[in-house]
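**Q** One structure coming up, written as C-alpha cells, with questions to follow.
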Amino acid sequence: MIGGSRSPSPQTYARGLENLVAGDTLISDIDGRTGRLLYRGYPIADLVERSTFEAVSYLILQGEIPTAAQLEDWENELRRWRRPPRAAFDALERVPRRAHPLAQYRTMLTVAACHTPEPENTTLDAQWRRPARILSWTAALAAAAIRHLDGLGPVEPSDDLGFAANFLYQTLGVIPPEDEIRAFEASLIVQAEHGLHAAAFAALVVISTGADLGSAVLAGMGALSGARHGGASQLAYEMMAGLRDADQARTWARAALGRGHRFPGFGHRVYRCPDPRVKALEGHAEAVLKNHGMEHRWQVYTALRDEVETVLGPKGIYANVDSITGLLYRPMGLPVSAFPIPFCLAIQTGWMAHCLEYLPDGPMIEPGAVYVGSTDNS
Amino acid sequence: MRYKYRVNILPTLSASFDWKAEKIDWPVTTEVGRGLSGVIATTTDVMWLDPASGRLTYRGEPVETLAASNSFEEVACLLITGSAPETDPAAYRVVRDQLRSGRMLPADVVGLIRDLEPATHPTRLLRAGISALGCHELSVDDDLSGEQHWRELRIVGQIAALAAEIAAHRAGRGSPPIDVDASLPESVLAGLNGCRPDPEDVRVLDLLWVLYAAHGLDAPTFTSMVVASCLADPYFNIVAGLSALRGPRQGGAGEAVLDQLAALSEPRAAGTLVRRILDEGRPIAGFGHRSYRMPDPRVVVLRRELAALANRRGRPEIFEAARAIETAATAVLAPRGVHVNINFYAAPIFHLLGADAAFGPCLFAVGRTAGLVALVREAMDTIRLVRPLSRYVGPSERSLPDPGST
C-alpha cells in the first residue's frame, strides 16, 4: 500500500519527490521502457478491443473482470446516477462565460458536492458507494459544461445508451455513429488509469485526511487542469490544425526541430518509448478522420509524428496520448477547449481506485519540510 | 534508481535529527516512514516547526511573540511577502489594502451561496464560493505567469469575505454590510454575529489566526502544493486545499472536541469520561499530533485566552470542563507521548466567538490560507512537479477471459 511500510526505510529522491517510491499498488503496471500498460494485469490494447468503459471501470476499481451479473449491476448503478442535482447545472449561470471551462466545471462539482447523499459519512462502505455516482454525475455535468460553451442548454440522458454513448449524446445532442462511439470509448478506456501521477497523488493526499471521495476527485481535477498535466491536448491539436498537409508538416517539423522546439503532445515523464495509449487509439483516429473527410489531418499527424520521432525518438521522445485524443474529439464535434474533459472523466476512475486501495488503513500523508531561512531572533 | 545510493542517510524520523543544521543537497537520502513521514518535500524559509522543541517560528519570529504583538493581517504580510510590516509602513499599507481588496463579493457569487441550503456543511459552501469566485477573477485568456504576492494576499481576504457571507447565510441574515475600514477578523466576526464586534473578541480571533497561520506541510498545504506544481490556476489550488481541510484528521478535529466537552456533565466526571472514551478504543479529541512528542507551545497561549474569554462571557464552566478533561487525559496519555494539541482549546474559543462546531473549520481556513499560499508560492520557485512513484505488486500480465465465459 502507498505510504504503508511500517518500518521506515531509506530512500533517495530529488526535489518534487522525484524517484521516491511512495508505496505499493495492485492497480496498474506501467513500464516506460517497453511501453506496457496493464490494468490489473490486462493489457490496455486487449481491453480497448474487447471491453466497454463500464467493464473496465469495474475492473480498475474492483480488481477483476466483472461476471455478467456483476456487470449488469454496475451498469444499472451507473445509470441510476445520470441525473445530478439541478443546482449544479444552475451554477453555470452564476459564472462568467469567459472563465476557463474546467473552472466552470469545477464550480458545478463544488455545488453538486453540497447536494450529495450522506455527505459526512466517510466510513469505508459509504466511500465504496460513491464511485458510480461520481462517474455518472460528472459525465452529465461535463456534458452540460461543454454545451454551455456554445450557449446551449443541457440534454436529458438516454437510459438506452451506455456510458460513452450517453455522454456523447448529452454533449452533442445527437447519437453519433457506432464506430465513433467505439473510438470515443477507446479513448476513455486507455485514459482510465495511469498510476500515481501528480493528480492521483493529490487525490490520495486528500483521502488520507479522512475526506470523502468526491473531495479527493476535486483535488485530482485541480492538478489535471494545470498546463503541465492536462493542457497539452489542446496545444497539440492546434499545432496540427495549423498545418495544411503532410508536406508542410514535414517542412515545418524539420525547421522546428532545428530550432530545438518543444512539441506539445510529444514526450512523457514515464514513457521513453512509443506510448501504448497512442498505439491503441491510432486506428480509431484514422477511421474517424476519414469518415469526416479529414484525411489530410491524419496525414499531417503521421508526417509530424515520423519526423519528430526520427530525430527525438533516440532521446526517448515519442508521441504521447495528448497528441492523438484531439484528432478523435474534434471531428466528433467537441470544442478544442473541452479536450481535457473526457480525460478528466476517464482518469478519475483510477484516482478513486487508488483512494479506495489506500483507505482501509492508510495514514495521513504529511511529509516534512526543511527550514533554510534565518535563525530566529530570540 | 538514477542516483547512486549515498551512505549518508538523514535520520529524519528521529527526534534528535536537527533539520536546520543539515545541509540539503538534492538528491537526498532520508528514512521514509508511514504517510511519507521523514520525507523532505521542500525547503522553506517561510516557517519552521522544530520537532525537537515544538517551537514554531514564521520567517524567524517565534509565533508566541507575533501572537502577542501583531495582528493577523501583519502576520499574513510577513508570511506572504517576507517583509515585516514595521520595516516599511507605506509598503505595509499597500499590502493591507490588497488583503482587504477581496471584501466585495460579486453578486453572482453571493447568489450562488444563497441558493444553497444553509444547513450544508459550511466548508462545502466555502469551496463552492471560492470556486465560483475564481471564475469571476480569472478568464481563460489570463496569463498567470507574472502574478505575484497581490494574488495571494487577495485570496486570503476573499476566504474571509466568503466566511462572513456564509456565516450570515447560515444565521438567516442578509449579507453583512461592507465596512471599508474593517480588518479581516472584524469583518468575519460581524458576519458571524450580525453586529459590530467587541474589540477584545477581535483581538482573540486575530491571535487564533496568527497561531494557525502556518504549520509545515499539513495536508491542505501539501495538496495545494501538488496541484500548484501542475501549473493549475490559484483557485484550483485553494479548492484542492479546502478539500483536504476538514477530514476528521484535519480541521474537522474541532467538531469532535466540542462534542467531547458537551459530553462532560461536571468537571469531577472528567476522569470517568476519559477512561470511558479510551476503553471504547476511541481517541481523546484534541490530543496527539504527528509533529509533537511534547506539549504544543501554542496551547499555553490558548489555554490562557480561553480562561479569560469564558469568564468574560460568564461561562467559566466551559474552561473548567476543558481544563478537567485536559488534566485527566494528560495523566493517562502523556506517558505514552500523546499531548494536548491546539484544537483542544481553539475549538471552544471559536465556539465562544459565535461559531458553531461545523463552522470552526471555515474560521480555521482563513488563518491557514495565509501560510498555505506563502509555502506554495515558495515551493513553485524550486519544484517542477510533485510526483512520487509507486511499485506495482499486482497480477502479472494475463489474457482476457473468453467472451463466452462471462
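The values are calculated or read from the model by the stated rules, or taken from the named source; none is laboratory data. Everything quoted here is computed from the prediction, not taken from an experiment. Positions of Cβ are backbone-derived with ideal geometry, glycine not excepted, and every protein chain shown enters the neighbour counts. SASA here: full protein model, heavy atoms, side chains in, ligands and nucleic acids out. Shrake-Rupley method; radii C 1.70, N 1.55, O 1.52, S 1.80 Å.
**Q** Here is a check on your reading of the model: is B:Ser53 polar (S, T, N, Q) and either in the same structural domain as B:Asn341 (by TED's automatic domain parsing) or farther than 23 Å from B:Arg368 by Cα (or both)?
**A** Considered against the rule, which asks whether it is polar (S, T, N, Q) and either in the same structural domain as B:Asn341 (by TED's automatic domain parsing) or farther than 23 Å from B:Arg368 by Cα (or both), B:Ser53 comes out as no.
**Q** Same structure again: Looking only at residues that are under 18 Å from B:Ala219 (Cβ atoms) and modelled with pLDDT under 90 in the stretch B:39-52, which one is most open to solvent (accessible area, probe 1.4 Å)?
**A** If we take residues in the stretch B:39-52 being under 18 Å from B:Ala219 (Cβ atoms) and modelled with pLDDT under 90, then B:Pro51 is most open to solvent (accessible area, probe 1.4 Å).
**Q** Still on this model: Working carefully through the options A:Arg86, A:Arg15, A:Arg82, find the one that is farther than 28 Å from A:Tyr271 by Cβ and in contact with a Ser or Thr (Cβ under 7 Å, 6 or more places away or on another chain).
**A** A:Arg82
**Q** Output the helices (runs of 4 or more DSSP H) that fall wholly within the stretch A:1-81 and possess 1 or more residues being closer than 30 Å to B:Arg384 by Cα, more than 7 Å from chain B (Cβ to nearest Cβ) and of a type outside the set (D, E, K, R), or say none.
**A** Output list reads A:44-50, A:53-62.
**Q** Residues being open to solvent by less than 10 Å² (accessible area, probe 1.4 Å), within 7 Å of chain A (Cβ to nearest Cβ) and either at pLDDT 95 or above or part of a helix (DSSP H, G or I) (or both): count how many of those fall in the stretch B:236-261.
**A** 4
**Q** Hey, another quick one. Applying the selection to the stretch B:66-83, what residues are within 23 Å of B:Lys20 (Cα to Cα) and either free of Cβ contacts under 8 Å to residues at least 24 places away in the same chain or open to solvent by 30 Å² or more (accessible area, probe 1.4 Å) (or both)?
**A** Once the filter is applied, which keeps residues that are within 23 Å of B:Lys20 (Cα to Cα) and either free of Cβ contacts under 8 Å to residues at least 24 places away in the same chain or open to solvent by 30 Å² or more (accessible area, probe 1.4 Å) (or both), the stretch B:66-83 yields B:Leu78, B:Thr81, B:Gly82, B:Ser83.
**Q** Hey, which of the strands (runs of 3 or more DSSP E) in the stretch B:13-58, taking only ones fully inside, have at least 2 residues that are within 18 Å of A:Ala14 (Cβ to Cβ) and touching a residue at least 24 places away in the same chain (Cβ under 8 Å)?
**A** The strands (runs of 3 or more DSSP E) meeting that bar are B:40-44.
**Q** Does A:Gly260 qualify as being open to solvent by 40 Å² or more (accessible area, probe 1.4 Å) and on the phi > 0 side of the Ramachandran plot?
**A** Considered against the rule, which asks whether it is open to solvent by 40 Å² or more (accessible area, probe 1.4 Å) and on the phi > 0 side of the Ramachandran plot, A:Gly260 comes out as yes.
**Q** Looking at the stretch A:22-61 only, could you name the residues that are free of Cβ contacts under 8 Å to residues at least 24 places away in the same chain, open to solvent by less than 20 Å² (accessible area, probe 1.4 Å) and hydroxyl-bearing (Ser, Thr, Tyr)?
**A** The one that is free of Cβ contacts under 8 Å to residues at least 24 places away in the same chain, open to solvent by less than 20 Å² (accessible area, probe 1.4 Å) and hydroxyl-bearing (Ser, Thr, Tyr): A:Tyr42.
**Q** Looking only at residues in the stretch B:53-65 that are more than 8 Å from every other protein chain (Cβ to nearest Cβ) and open to solvent by less than 10 Å² (accessible area, probe 1.4 Å), which one is farthest from B:Pro297 (Cα to Cα)?
**A** So, considering only residues that are more than 8 Å from every other protein chain (Cβ to nearest Cβ) and open to solvent by less than 10 Å² (accessible area, probe 1.4 Å), the one farthest from B:Pro297 (Cα to Cα) is B:Tyr58.
For (1) facing chain A (nearest Cβ under 10 Å); (2) touching a Leu at 6+ places or on another chain (Cβ under 8 Å), each residue gets a yes or a no:
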{"residue": "B:Gly129", "(1), (2)": "yes, yes"}
{"residue": "B:His136", "(1), (2)": "yes, no"}
{"residue": "B:Asp141", "(1), (2)": "yes, no"}
{"residue": "B:Trp150", "(1), (2)": "no, no"}
{"residue": "B:Ile155", "(1), (2)": "no, no"}
{"residue": "B:Ala161", "(1), (2)": "no, yes"}
{"residue": "B:Gly174", "(1), (2)": "no, no"}
{"residue": "B:Val180", "(1), (2)": "no, no"}
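**Q** List every residue pair whose Cβ atoms lie under 6 Å apart, where the two residues are 6 or more positions apart in sequence or sit on different chains, the first residue falls within the stretch B:383-403 and is at the interface with chain A (Cβ under 7 Å from one of its Cβ atoms), and the second residue, located anywhere, is outside any loop (DSSP other than H, G, I, E, B) and open to solvent by 70 Å² or more (accessible area, probe 1.4 Å).
**A** B:Ile383/A:Arg15; B:Leu400/A:Arg50
**Q** Taking helices (runs of 4 or more DSSP H) that do not extend beyond the stretch B:293-384, which have at least 3 residues that are under 22 Å from B:Arg282 (Cβ atoms)?
**A** Because the criterion is at least 3 residues that are under 22 Å from B:Arg282 (Cβ atoms), the helices (runs of 4 or more DSSP H) in the stretch B:293-384 that meet it are B:316-333, B:342-352.
**Q** Working carefully through the options B:Gly174, B:Gly216, B:Gly194, find the one that is farther than 26 Å from B:Val299 by Cα and either without any contact (Cβ under 8 Å) to a residue 24 or more places away in the chain or buried (at least 22 other Cβ atoms within 10 Å of the Cβ) (or both).
**A** B:Gly174
**Q** Also, I was wondering about something else. Pick from B:Arg96, B:Arg103: which is modelled with pLDDT of 95 or more and surrounded by fewer than 22 Cβ atoms within 10 Å (Cβ to Cβ)?
**A** B:Arg96
**Q** Looking at A:Ala255, A:Ala227, A:Ala241, which is the one that is within 14 Å of another protein chain (Cβ to nearest Cβ) and surrounded by fewer than 20 Cβ atoms within 10 Å (Cβ to Cβ)?
**A** A:Ala227
**Q** Moving on to the next point. When the residues of the stretch A:119-148 are filtered to those that are of a type in the set (Val, Ile, Thr) and under 19 Å from A:Gly362 (Cα atoms), which remaining residue is surrounded by the most Cβ atoms within 10 Å (Cβ to Cβ)?
**A** It comes out as A:Thr122.
**Q** Looking at (1) open to solvent by less than 10 Å² (accessible area, probe 1.4 Å); (2) at pLDDT 95 or above; (3) farther than 22 Å from A:Cys273 by Cα, which one does A:Phe339 not meet, given that it meets all the others?
**A** With (1) open to solvent by less than 10 Å² (accessible area, probe 1.4 Å); (2) at pLDDT 95 or above; (3) farther than 22 Å from A:Cys273 by Cα applied to A:Phe339, the lone miss is (2).
**Q** Residue check: is A:Ser208 closer than 17 Å to B:Ala232 by Cα and surrounded by 24 or more Cβ atoms within 10 Å (Cβ to Cβ)?
**A** For A:Ser208, the condition - closer than 17 Å to B:Ala232 by Cα and surrounded by 24 or more Cβ atoms within 10 Å (Cβ to Cβ) - is not met.
**Q** Name the pairs: first residue in the stretch B:146-169 and free of Cβ contacts under 8 Å to residues at least 40 places away in the same chain, second residue polar (S, T, N, Q) and open to solvent by less than 10 Å² (accessible area, probe 1.4 Å), Cβ to Cβ under 6 Å, at least 6 apart or on different chains?
**A** Within 6 Å, no pair qualifies.
**Q** Just name the residue that is surrounded by the most Cβ atoms within 10 Å (Cβ to Cβ) out of those in the stretch B:385-406 that are small (Gly, Ala, Ser) and either part of a loop (DSSP other than H, G, I, E, B) or in contact with a helix residue (DSSP H, G or I) (Cβ under 7 Å, 6 or more places away or on another chain) (or both).
**A** Taking the candidates together, the pick is B:Gly394.
**Q** Separate question: With respect to B:Ala90, is the statement that it is assigned to a loop (DSSP other than H, G, I, E, B), open to solvent by 50 Å² or more (accessible area, probe 1.4 Å), out of contact with any Gly (no Cβ under 7 Å at 6 or more places or on another chain) and hydrophobic (A, V, I, L, M, F, W, C) true?
**A** For B:Ala90, the condition - assigned to a loop (DSSP other than H, G, I, E, B), open to solvent by 50 Å² or more (accessible area, probe 1.4 Å), out of contact with any Gly (no Cβ under 7 Å at 6 or more places or on another chain) and hydrophobic (A, V, I, L, M, F, W, C) - is not met.
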